[in-house]
1. Look at the stretch 85-95 and say how many of its residues are under 12 Å from LYS34 (Cβ atoms) and not in a loop (DSSP other than H, G, I, E, B).
2. In the stretch 48-83, what count of residues is obtained for those that are over 9 Å from the mean Cα position of the chain (by Cα), part of a strand (DSSP E or B), of a type outside the set (A, V, I, L, M) and surrounded by 17 or more Cβ atoms within 10 Å (Cβ to Cβ)?
3. Could you tell me how many of the residues in the stretch 3-23 are assigned to a strand (DSSP E or B) and either modelled with pLDDT under 90 or among the polar types (S, T, N, Q) (or both)?
4. Given the criteria under 14 Å from the mean Cα position of the chain (by Cα), more than 14 Å from TRP83 (Cα to Cα) and without any contact (Cβ under 8 Å) to a residue 60 or more places away in the chain, does GLY25 qualify?
5. Out of the residues in the stretch 24-47 that are in a loop (DSSP other than H, G, I, E, B) and charged (D, E, K, R), state the one that is surrounded by the most Cβ atoms within 10 Å (Cβ to Cβ).
6. Quick one: PHE46 ticks every box in (1) closer than 15 Å to ARG5 by Cβ; (2) in contact with a His (Cβ under 6 Å, 6 or more places away or on another chain) bar one, so which box is it?
7. Looking at the stretch 52-101 only, could you name the residues that are in contact with a Leu (Cβ under 8 Å, 6 or more places away or on another chain) and basic (Lys, Arg)?
Amino acid sequence: MIITRWQAPISPSKEQLVSLFEKEGLEPFFEENKAGVKMTDHRHPFSEVRVVVQGELLFSVAGNQTLLRPGDRLEIPANTKHWHQAHPSGDCLCICAHRVF
């Protein structure tokens, strides 16, 4: 798991994030997580790349929990057990992509 915290004072726009993903050769898609709703433990046969666009998302990867805020990026290796939950105070929008090696 690799977490990259957004350091700039202004959060990136959806368009900027799409451009960044595409420059990496990724095919981005958006995922909306409703406030307080938890996606249960699961795994993927591919690596997942995710950046929070708006809201906050609690993420647990292999038992390690972290709160992601706008601009924060998370990369999860293939076949790694994880779950996530939007903060109860509001919905969370993420831009995501799958990296297949």
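The values are calculated or read from the model by the stated rules, or taken from the named source; none is laboratory data. Because the structure is a prediction, the values reported are computed rather than measured. For neighbour counting, all protein chains shown are included, and Cβ atoms are generated from backbone atoms with ideal geometry for every residue, glycine included.
1. Of the residues in that region, 4 qualify.
2. 1
3. 1
4. no
5. Here the residue is ARG43.
6. Among (1) closer than 15 Å to ARG5 by Cβ; (2) in contact with a His (Cβ under 6 Å, 6 or more places away or on another chain), the lone unmet condition for PHE46 is (1).
7. If the condition is that a residue be in contact with a Leu (Cβ under 8 Å, 6 or more places away or on another chain) and basic (Lys, Arg), then ARG99 is the only one that fits.
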